[in-house]
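One structure is given below, encoded as structure tokens.
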Amino acid sequence: MRLRNVPGSREAIAESKYTINEPQEYKGKWNEVFGNDKPIRIEIGMGKGKFITQLALDNPDVNYIGIEKFSSVLIRAIEKRRELEIDNLLFIRMDAEIIADCFAEGEIDKIYLNFSDPWPKDRHAKRRLTSKEFFARYDKILKKDGVVEFKTDNNLLFDFSLEQIPMAGWEIVECTRDLHNDEKMNEGNVMTEYEERFSAKGNPINKLIAKR
Ligand code: SAM
């Protein structure tokens, strides 16, 4: 359902006060960007931003940054953002491959990955956001005791992630194959757009939490 081409979206994003256009310039300075010392949590591949926008509304003491590579979906998040009187939610349009150029060591408090693209071909495995290559990038920016939380209905991608994360030197601290029927892990769960869509079809949702 990705809208690949929304005319004018790239320009509207560049001009929006809710997007940061040159994120590399703010490496180590994100607290200054937000104007406070609150922890910073990011969602990589946030799509239209339903999940991260809800988190920002629910948790005013946390700053959130949504990262998305496609303008066509990011513009929808910005449209919703304009209607909200909150000061703790910003967006970056970029490929997360360069994430370690944008945040300093330990600058990020938590990373969310939700329904990440599966990249089913083996030769594209490095592009999966739960590959060991991506976890090496997360290692550079996440604070020492920070965690990565990952949800997906895609069993193959989940199995891949369960293999890759320990290979990257991380530990899986929580794991379920049926989030919505796991009372403990589902507590306070905020559904993403894809999560609503796939769970409505009857797909169980996998979730893991990883730390070093
Ligand atoms: N997280 C949302 C949800 O759960 O509803 C959207 C899921 S959608 C399947 C995956 C999103 O991740 C897409 O919008 C895609 O453009 C984005 N994405 C995939 N790889 C990315 C990357 N390397 N950097 C930034 N965004 C990425």
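The values are calculated or read from the model by the stated rules, or taken from the named source; none is laboratory data. Remember, it's a predicted structure, so these values are computed and weren't measured experimentally. We place every Cβ from the backbone using ideal geometry, glycine too, and count neighbours over all the protein chains shown. With ligands, DNA and RNA removed, areas are computed over all heavy atoms of the protein, side chains included. Shrake-Rupley method; radii C 1.70, N 1.55, O 1.52, S 1.80 Å.
Solvent-accessible area per residue for region 1-45 at a 1.4 Å probe radius, Å²? All intermediate terms of the calculation are to be shown ahead of the outcome.
Numbers: 2910 Å² over 45 residues.
Heavy-atom accessible area per residue stands at 65 Å².
Percent antiparallel among DSSP beta bridges with both residues in the chain, to the nearest 5? Please report the intermediate quantities before stating the final value.
Values: 10 of 31 bridges.
Antiparallel: roughly 30 percent of the beta bridges in the chain.
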If Lys and Arg each add +1 and Asp and Glu each add -1, what is the summed charge of the other residues whose beta carbon sits under 14 Å from the beta carbon of Phe34? -2
From the backbone phi of region 44-54, what are the Karplus-calculated ³J(HN,Hα) couplings (6.51 cos²θ - 1.76 cosθ + 1.60, θ = phi - 60°) in whole Hz, Gly and Pro given as x? 9, x, 7, x, 7, x, 4, 5, 5, 5, 5
Out of every Cα-Cα pair in region 56-164, what percent are more than 22 Å apart? 38
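Given the pairs Lys151/Lys184; Lys69/Lys207; Lys48/Lys69; Lys38/Lys207, which span a C-alpha to C-alpha distance of over 18 angstrom in this model?
Values: Lys151/Lys184 15 Å; Lys69/Lys207 23 Å; Lys48/Lys69 11 Å; Lys38/Lys207 26 Å.
Exceeds cut-off: Lys69/Lys207; Lys38/Lys207.
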Going by the alpha-carbon gyration tensor, a ≥ b ≥ c the square roots of its eigenvalues, is region 128-188 rounded (a/c under 1.5) or, if a/c is not under 1.5, prolate (a/b greater than b/c) versus oblate? oblate
Is there a pair in Lys144/Lys201; Lys80/Lys144; Lys29/Lys110 whose C-alpha atoms are over 28 Å apart, and which pairs would that be? Lys144/Lys201; Lys80/Lys144
Whole-angstrom Cα spans of region 2-112 along principal axes, big to small: 36, 29, 23
With a ≥ b ≥ c from the Cα gyration tensor eigenvalues, square-rooted, and the rule rounded for a/c under 1.5, otherwise prolate when a/b > b/c and oblate otherwise, the chain is rounded
